[in-house]
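Just so it is clear, none of the values below were taken in a lab; they were calculated from the coordinates. Since this is a predicted model, take the numbers as computed values, not measurements. Neighbour counts run over all protein chains shown; Cβ positions are idealised from the backbone, glycine included.
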Amino acid sequence: MNILEIIEKKRDKKELTKEEIEYFIEGYTSDKIADYQASALIMAIYLNGMTKQETTNLTIAMANSGEKLDLSTLNEIIVDKHSTGGVGDKVSLILLPLVASLGIPVAKMSGRGLGFTGGTVDKLESIPGYITSIDIHNFIKNVEKIGISMISQTLNLAPADKKIYSLRDSISCVESIPLIASSIMSKKIASGAQKIVLDVTCGAGAFMNSQDRAEELAREMIEIGKLANKETVCVLTNMDEPLGYAIGNSLEVIEAIQFLNGNMPEDLKEVVLELGAYMIKLADKGENIEENKSKMLKNIENGKGFEKFLQLVENQSGDISYIKDTNQFPKAKYIEKVYSHISGYIKSMDAKEIGKIVCDLGAGRIKKEDDIDDSVGVILNKKVSDKVENNEELVTIYANSQEKLNEAKAKIQEVIKIQKEKVSKPKMILEVID
Ligand code: URA
């Protein structure tokens, strides 16, 4: 067996065997297969797809590519959460401390930005001092001590995914059901949680643009979960416009802090509460979804959710003075408002295009080794269905170069569509599949 034959087979739309998939994953993880050959195979998978059997074999091979966490010492049901990616998606920053504040342990390994979407790790690292790369021993110790730890994929868990994830990002091979399903489920299998809640995003700013494709992805991940003996629930959520108002690393952290202090944008609130309600249910801490939502809202009101977020940041060496006073976060050099040229109702704000604008401002990576700029981004002043007057503020742009600011200003006008007729509020929770 050799990698050329495997590439050739997938290029010619043939099914790969379990052994061939294992050969590729082992070879690529141990650097015996070069990036350019892996790129060719990943592109062939992207273009020609995989059968369910191939996707399952790929997931298992990726999950077995490194260590597997044993969280049984925590003596609790550990429920993990993951999103298939979005724009303005700061859900994990809010939801996980909130769930932990209810006494449900959270051991979360997050990702970096991928394509035009943001990543929780990049957001956490915009908090000065916050350490995302810690060893397994300390990760588990953190969960035992304060009930939550949120880290990056630095442990030797699913290292094949780590390599393939950044490769896909740099060769435009992200939006693929087998590649997303295997990426997410291999990490979830390796990271030791017994149960999983997945936010399967759907719409312009998601990797799955239609509900049918999102359902297909959800069912594939649920099936893999079953085979791995991990109960999995998928919540399909709307990602046509960015979630909440802030897009950009530290801007989103600030919005998450405001949320935990009771200032909750409606769309973000719906998504956080729905996902959280299922996490609580799977943890066997509440059967009733509506009651579970009330429990979370109570911990926003009494400040316990925010307190847990402070504890999390402090425990991972972050400077909590920034969390207590968000004015301390470094500000972008240029902060400029963009105004509407007409009056009417916001028809759409294409999340993918806005995600790309924010990436171009410096919040995301073009090459996998690129540094990111924490302070840049966009804050929306309106959401879809809102009324807007002529000359009223639409968004504020945060940039660190005049040139990038000008580019963003020109582009953002084009991606916000306004119409004379009223627009109804978008439905956020599209479906729950289990
Ligand atoms: N999140 C992941 O972890 N992997 C993907 O492929 C997409 C979103």
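Table for the structure above
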quantity	calculated
Inverse of mean 1/r across different Cα pairs in the range 1-103, Kirkwood, Å	16.4 Å
Restraint check, Lys90/Lys387; Lys324/Lys383; Lys10/Lys188; Lys382/Lys411; Lys108/Lys162; Lys90/Lys420, Cα-Cα greater than 20 Å	Lys90/Lys387; Lys324/Lys383; Lys10/Lys188; Lys90/Lys420
Mean-position separation - Cα centroids, the range 196-214 and the range 355-434, in angstrom	19 Å
Amide H within-cut-off set for Tyr339, under 5 Å, with H built and near neighbours excluded	Leu394
Leading residue at positive end of dipole, the chain (Cβ point charges), from Leu102, Asn64, Ser92	Leu102
For the chain: relative contact order, % (alpha-carbon pairs under 8 angstrom, 6 or more apart)	19 percent
Size-normalised alpha-carbon gyration radius of the range 150-248, reference 2.2 N^0.38 Å	1.10
Cα principal axis extents for the range 3-49, largest first, Å	26, 21, 15
Kyte-Doolittle at least -0.5, axis length at least 15 Å by Cα - qualifying DSSP helices, the chain	35-48, 52-63, 136-146, 177-190, 249-260, 266-282, 304-315
Beta bridges by DSSP in the chain, antiparallel share as percent, to the nearest 5	55 percent
Distant alpha-carbon pairs in the range 22-78 (separation over 14 angstrom), percent	65 percent
Given charges at beta-carbon only (K, R positive; D, E negative), |dipole| of the chain in Debye	320 debye
Distribution of pairwise C-alpha distances over the chain, 20 Å bins, in %	27, 59, 15, 0
Expected-Rg normalisation [2.2 N^0.38 Å, Cα atoms] applied to the range 267-365	1.50
q = 0.14, 0.27, 0.30 Å⁻¹: log10 I(q)/I(0) that the Debye formula gives for the range 232-291, counting C-alpha atoms only	-0.47, -1.11, -1.19
